[in-house]
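Asker: Handing you a structure now.
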Amino acid sequence: MEPLHSGNSQNVVLGVSGGIACYKAVELVRLLIRESFRVRVIMTKESMKFVTPLTFQTISGQPVATELFSLTQESQIGHINIADFAELLLIAPATANVIGKIAAGIADDLLTTVVMATQAPVLLAPSMNVHMYQNPILQENIRKLKGLGYHFMEPAEGYLACGYEGKGRLPDPAEVLEEIKSLLKKKDLLGHRLLITAGPNREPLDPVRYLSNRSSGKMGYALARMGARRGAEVILVSGPTALDPPSGVRRISVTTAAEMRDAVLKEFPRCTAVLMAAAVADFRPVNSISKKIKKGKKSLQLTLRPNPDILKELGENKNGKILIGFAAETETLVANARRKLREKNLDLIVANDVTEPGSGFDGDTNVATLLDSKGGVDPLPLMRKEELADRIYDHLLKLKANSK
Ligand code: PMT
């Protein structure tokens, strides 16, 4: 299947300055193009000693700008045109030299002139030798630029091409991409404190076995990622998953439904909205046995007792907060979801038929119908979990506006 794109058509100008990490900038352009960004690349003279303009031109599908005073380039591309085209200007890798020039207001080549002329946000991803990075002159320049509204990514730690170990590596292109998306997103959830649950629970049977379900956590993590990108403070209460916490999100890891309940109840008073995407375990074994259950028995009977319904409990003490639940259904989707919406006193429920292809557990996509407490029904097509998260937040903001 072709990867689904998020449909960005935003303009990114990438300035490449001269360091060994230039090769990673090529991969970054590939990722941006794959996600439908329009990319124009500016290369400094020094960067062309590491990678040729032809490489970036081939990957971006656009001519690469390299010179300020070239008759042809200035008439075809033009430094003011590029500055105006940019919705975000990224410099990766950003050398100590280019950072120093920008901090001093020097505009003696195409890249630094575009930095001067653009009104777009500027993001710099420094990459250099660890001692150069620690140099107080560079640190002072970074402080100054941050104070003027420039954005910086911290270099990653590890083996450096110069032979040293330490902080100075260009972060992974996927991380830079995440930062770009975050900066380009409108911050319409600023001021919100979202409490999100994700993933499955594990209810122990004995020290080596447990009862669980097929939730991967992807839906809840997508909510957390998009919430943070839109400016919310996000607390993610997560069952066991293989996923890394999205950047800027505080994760609280839990295992059982009882632990999830404790964490949620503790964080609930200070949040503005709760989104429960977790597949909370409905039952737990009455007796969890402290020694491994021996095999060899002809049959084994388990007695289960119901876990508390966390969301229902929140619905009984709502206190003006927005409550959003999920309903994982295998039949009569809308009727079942509407019953849960009512019984748990929710504002919105996201109903997904987990038997439908591309929907529900584990995959990167979902098919959902949004049902709200005012009777609104919004059936959505197959989309990436991130896009669904965005639709849910759009709905949350409408609910908030209507409640004023
Ligand atoms: O994690 P993924 O692999 O990405 O899969 C996503 C998902 C299918 C798990 C997700 O989209 C989803 O549907 N989550 C809710 C699953 C579920 O438990 O549905 P439910 O109909 O049993 O519960 C209804 C709501 O009550 C849910 O918001 C649930 O979190 C909550 N609940 C349920 C039981 C319980 N004891 N306490 C609860 O709070």
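Asker: List the residues, sorted by chain then number, that are 5 or more residues from Thr365 or on another chain and whose placed amide H is less than 5 Å from its amide H.
Answerer: The answer is Lys385.
Asker: When only C-alpha pairs under 8 Å and at least 6 residues apart count, what is the relative contact order of segment 11-184, in percent? Mind showing how you got there, number by number?
Answerer: Numbers: 335 pairs, mean separation 41.0, N = 174.
Answer for segment 11-184 is 24 percent.
Asker: State, to one decimal in nm, how far the label point of Lys400 lies from the label point of Lys297, with both points 7 Å from Cα in the Cβ direction.
Answerer: Label-label distance for Lys400 and Lys297, simple model: 5.1 nm.
Asker: Return the percentage of antiparallel bridges among DSSP beta bridges fully within segment 11-184, rounded to the nearest 5 %.
Answerer: Numbers: 4 of 21 bridges.
Around 20 percent antiparallel, to the nearest 5.
Asker: How far, in nm, would the chain grow between His131 and Lys186 when pulled straight, counting 0.36 nm per residue and subtracting the alpha carbon separation?
Answerer: On the way: separation 55, 0.36 × 55 = 19.80 nm, distance 3.66 nm.
That pair, His131 and Lys186, stretches by 16.1 nm at full extension.
Asker: I would also like to ask the following. Can you compute the helix-only [θ] at 222 nm over the chain? Use -39500 (n - 2.57) per DSSP H run of at least 4 residues, normalise by all residues, nearest 500 deg cm²/dmol.
Answerer: Numbers: 14 runs with 139 residues, N = 404.
Helix contribution divided over all residues of the chain: -10000 deg cm²/dmol.
Asker: Now a separate question. Which value, in debye to the nearest 20, describes the size of the charge dipole of the chain about its Cα centre when Lys and Arg Cβ atoms bear +1, Asp and Glu Cβ atoms bear -1, and nothing else is charged?
Answerer: On the way: 53 positive and 44 negative charges, 335 e Å.
In debye, rounded to 20, the chain gives about 1600.
Asker: Given Ala401, Leu302, Ser215, which one lies farthest toward the positive end of the charge dipole of the chain, if we put +1 on the Cβ of every Lys and Arg and -1 on the Cβ of every Asp and Glu?
Answerer: Of Ala401, Leu302, Ser215, it is Leu302.
Asker: Size of the dipole of segment 192-276 about the Cα centre, Lys and Arg at +1 and Asp and Glu at -1 on the beta carbon, nothing else charged, in debye to 20?
Answerer: On the way: 13 positive and 7 negative charges, 66 e Å.
For this selection, approximately 320 debye.
Asker: When all protein chains stay in place, what accessible area (Å², nearest 10, 1.4 Å probe) is found for Tyr23?
Answerer: 130 Å²
Asker: Name the long-range amide H neighbours of Leu124: under 5 Å, sequence gap of 5 or more, or other chain; modelled H, no Pro or chain starts.
Answerer: Hits under the 5 Å cutoff: Ile91, His151, Phe152, Met153.
Asker: Where a Cα-Cα gap under 22 Å defines reach, which lysines qualify for Lys318, not counting those fewer than 8 residues away within the same chain?
Answerer: Excluding near neighbours in sequence, the set is Lys266, Lys340, Lys344, Lys374, Lys398, Lys400, Lys404.
Asker: Pairs of Cα atoms under 8 Å, at least six residues apart: use those to get the relative contact order of the chain, whole percent. Each step should come with its number before you reach the end.
Answerer: Details: 830 pairs, mean separation 42.6, N = 404.
Dividing the mean separation by the residue count of the chain yields 11 percent.
Asker: At a 1.4 Å probe, what is the % contribution of carbon and sulfur to the accessible area of the chain?
Answerer: Numbers: 10250 of 19890 Å².
The C+S portion of the solvent-accessible surface of the chain is 52 percent.
Asker: Run the simple label-point estimate for Ser288 and Arg339 please: 7 Å along Cα→C-beta, distance reported in nm.
Answerer: If labels sit at Ser288 and Arg339, their model points lie 3.1 nm apart.
Asker: Using a 1.4 angstrom probe, figure out how much accessible area the chain has per residue, in square angstrom, rounded to the nearest whole. List each step's numbers first, then the result.
Answerer: Details: 19890 Å² over 404 residues.
Accessible area per residue, the chain: 49 Å².
Asker: Considering amide H positions built from the backbone, and no H for Pro or chain starts, which residues 5 or more places from Leu211, or on another chain, come under 5 Å of its amide H?
Answerer: Answer set, sorted by chain and number: Glu203, Leu205.
Asker: Can you tell me what share of the DSSP beta bridges in the chain is antiparallel? A percent to the nearest 5 is fine.
Answerer: Numbers: 20 of 63 bridges.
Bridges in the chain that DSSP calls antiparallel: roughly 30 percent.
Asker: To the nearest 20 Debye, how big is the dipole of segment 11-184 about its Cα centre, given +1 on the beta carbon of each Lys and Arg and -1 on that of each Asp and Glu? Don't skip to the answer; put the middle values down first.
Answerer: Numbers: 14 positive and 17 negative charges, 9 e Å.
Rounded to the nearest 20 debye, it is 40 debye.
Asker: Would you list which lysines come within 20 Å of Lys181, measuring only between C-alpha atoms, while excluding same-chain residues fewer than 8 positions from it?
Answerer: List returned: Lys24, Lys146, Lys218, Lys385.
Asker: Divide, for segment 11-184, the radius of gyration over alpha carbons by 2.2 N^0.38 Å, where N is the residue count. The partial results should precede the final answer.
Answerer: On the way: Rg = 14.8 Å, N = 174, 2.2 N^0.38 = 15.6 Å.
Relative to the 2.2 N^0.38 Å estimate, segment 11-184 comes out at 0.95.
Asker: Then there's this: Can you work out ³J(HN,Hα) from phi for every residue in segment 81-87, in order, using Karplus 6.51 cos²θ - 1.76 cosθ + 1.60 and θ = phi - 60°, giving whole Hz and x for Gly and Pro?
Answerer: 4, 5, 4, 6, 5, 5, 8
The values are calculated or read from the model by the stated rules, or taken from the named source; none is laboratory data. All values derive from a computational prediction rather than experimental measurement. Here the Cβ is made from the backbone with ideal geometry for all residues, glycine too, and neighbour counts use every protein chain on show. All accessible areas refer to the heavy atoms of the entire protein, side chains included, with ligands and DNA or RNA removed. Shrake-Rupley method; radii C 1.70, N 1.55, O 1.52, S 1.80 Å.
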